[in-house]
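The values are calculated or read from the model by the stated rules, or taken from the named source; none is laboratory data. As the structure is a computational prediction, the values presented were derived from the model and not from experiment. Here Cβ is always computed from backbone atoms with ideal geometry, including for glycine, and neighbour counts include all displayed protein chains. Calculation scope for accessible area: heavy atoms of the full protein, side chains included, ligands and nucleic acids excluded. Shrake-Rupley method; radii C 1.70, N 1.55, O 1.52, S 1.80 Å.
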Amino acid sequence: MRDVAKSANAAFSQAGIDFPPPIGGLLKRSFDIVGSLAGLVLLSPLFLMVALLVKLSDRGPIFYGHKRIGRGGRIFACLKFRTMVQDGERVLAAHLAANPDAAAEWAATRKLKSDPRVTRVGQVLRKLSLDELPQIINILQGDMSLVGPRPVVRDELEIYGSAAVYYLKSRPGLTGLWQVSGRNDVSYDTRVAFDRHYVENWSMVEDIRIIVKTVPAVWMSRGSY
């Protein structure tokens, strides 16, 4: 954890930038708190239904906390409804070792269109983005924002190169430009460009616009798998 934070500070120093406060300041944080509290109340019946489906699917844990890089390089547990089998890392390693095409796809995008780890219930949840609903809790805790760059793992942040400083200025988002602009149908370089553009041009109006566009994007399942 300390190594990532030190690397983040070094990246800002190299770019000649003082480590900044989160973009949007108090206005964005207040919007996040109000929006996430409203979401928890309004979506509580859906939360309970999804939790029951996950539990009945294979009797494993309901939630999964994956380590992601937050603002300033701080590592946090990004919460999701569990969509994978419990020994997912072993299943993935065996699949990539046996399938060169899948290994190349994983190296390029860190995702697989046909992921052997995903359960049947998980496939539906991912298609509708329902697996990400628990991240509302991350928003309340201050680890994430309603809108921002998609949270990444350490290996992904290295792919950002010099653009990592822009990612590290913002709290990762439940939704963002990538999610409403094709999601997995766009290249990783384009995703990085979206994150940089968002941070450099942040406004409350843009956050609201992205949230509004998220609804049809999720409904039509554009680029989700």
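Taking the conditions exactly as written (in contact (Cβ under 8 Å) with a residue 12 or more places away in the chain, farther than 27 Å from Gly60 by Cα and in contact with a strand residue (DSSP E or B) (Cβ under 8 Å, 6 or more places away or on another chain)), does Val118 satisfy them or not?
For Val118, the condition - in contact (Cβ under 8 Å) with a residue 12 or more places away in the chain, farther than 27 Å from Gly60 by Cα and in contact with a strand residue (DSSP E or B) (Cβ under 8 Å, 6 or more places away or on another chain) - is not met.
Residues in region 23-45: is at least one modelled with pLDDT of 95 or more, of a type in the set (Val, Ile, Thr), part of a helix (DSSP H, G or I) and open to solvent by less than 90 Å² (accessible area, probe 1.4 Å)?
Yes, that holds for at least one residue.
Restricted to region 153-188, and to residues that are touching a residue at least 60 places away in the same chain (Cβ under 8 Å) and of a type in the set (Val, Ile, Thr), which residue is nearest to Asp143 (Cα to Cα)?
Looking at the filtered set, the residue picked out is Val153.
Under the condition of being part of a helix (DSSP H, G or I) and at pLDDT 85 or above, which residue from region 107-126 is farthest from Val215 (Cα to Cα)?
Top of the filtered list is Arg120.
All but one of (1) part of a helix (DSSP H, G or I); (2) more than 25 Å from Leu26 (Cβ to Cβ); (3) not polar (S, T, N, Q) hold for Val165; which doesn't?
Going through (1) part of a helix (DSSP H, G or I); (2) more than 25 Å from Leu26 (Cβ to Cβ); (3) not polar (S, T, N, Q) one by one, Val165 breaks only (2).
Which of (1) open to solvent by 20 Å² or more (accessible area, probe 1.4 Å); (2) at pLDDT below 90; (3) part of a helix (DSSP H, G or I); (4) in contact with a helix residue (DSSP H, G or I) (Cβ under 9 Å, 6 or more places away or on another chain) is the odd one out, the single condition Glu206 does not satisfy?
Every listed condition holds for Glu206 apart from (2).
Do you know which residues across region 130-144 are open to solvent by 20 Å² or more (accessible area, probe 1.4 Å) and closer than 21 Å to Gly182 by Cα?
Leu130, Leu133
So, in region 58-73, of the ones that are buried (at least 16 other Cβ atoms within 10 Å of the Cβ) and either in a helix (DSSP H, G or I) or in contact (Cβ under 8 Å) with a residue 24 or more places away in the chain (or both), which residue ends up nearest to the chain's Cα centre (by Cα)?
Arg68
Identify the residue in region 74-95 that is assigned to a strand (DSSP E or B) and not aliphatic (A, V, I, L, M) and, among all such residues, is most open to solvent (accessible area, probe 1.4 Å).
Keep residues of region 74-95 that are assigned to a strand (DSSP E or B), which gives 75-81, 84.
Keeping just the survivors that are not aliphatic (A, V, I, L, M) gives 76, 78, 80-81.
Numbers: Phe76: 11, Cys78: 2, Lys80: 41, Phe81: 2 Å².
Among residues in region 74-95 that are assigned to a strand (DSSP E or B) and not aliphatic (A, V, I, L, M), the one most open to solvent (accessible area, probe 1.4 Å) is Lys80.
Suppose we keep only residues that are open to solvent by less than 60 Å² (accessible area, probe 1.4 Å) and of a type outside the set (D, E, K, R) within region 188-201. Which one would you say is modelled with the lowest pLDDT?
Per the criteria, the residue is Tyr188.
When region 127-152 is examined, which residues are found to be hydrophobic (A, V, I, L, M, F, W, C), farther than 20 Å from Asn201 by Cα and at pLDDT 90 or above?
Leu130, Leu133, Ile136, Ile137, Ile139, Leu140, Val152
Restricting attention to region 96-116, does a residue exist that is open to solvent by less than 20 Å² (accessible area, probe 1.4 Å) and among the β-branched types (Val, Ile, Thr)?
No; the residues of region 96-116 include none that is open to solvent by less than 20 Å² (accessible area, probe 1.4 Å) and among the β-branched types (Val, Ile, Thr).
Test each condition in (1) farther than 30 Å from Ser36 by Cα; (2) in contact (Cβ under 8 Å) with a residue 12 or more places away in the chain; (3) touching a Leu at 6+ places or on another chain (Cβ under 9 Å) for Val91 and report the one that comes out false.
(3)
Taking the options Val147, Val124, Val153, Val180, name whichever one is out of contact with any Phe, Trp or Tyr (no Cβ under 7 Å at 6 or more places or on another chain) and either open to solvent by 40 Å² or more (accessible area, probe 1.4 Å) or acidic (Asp, Glu) (or both).
Val124
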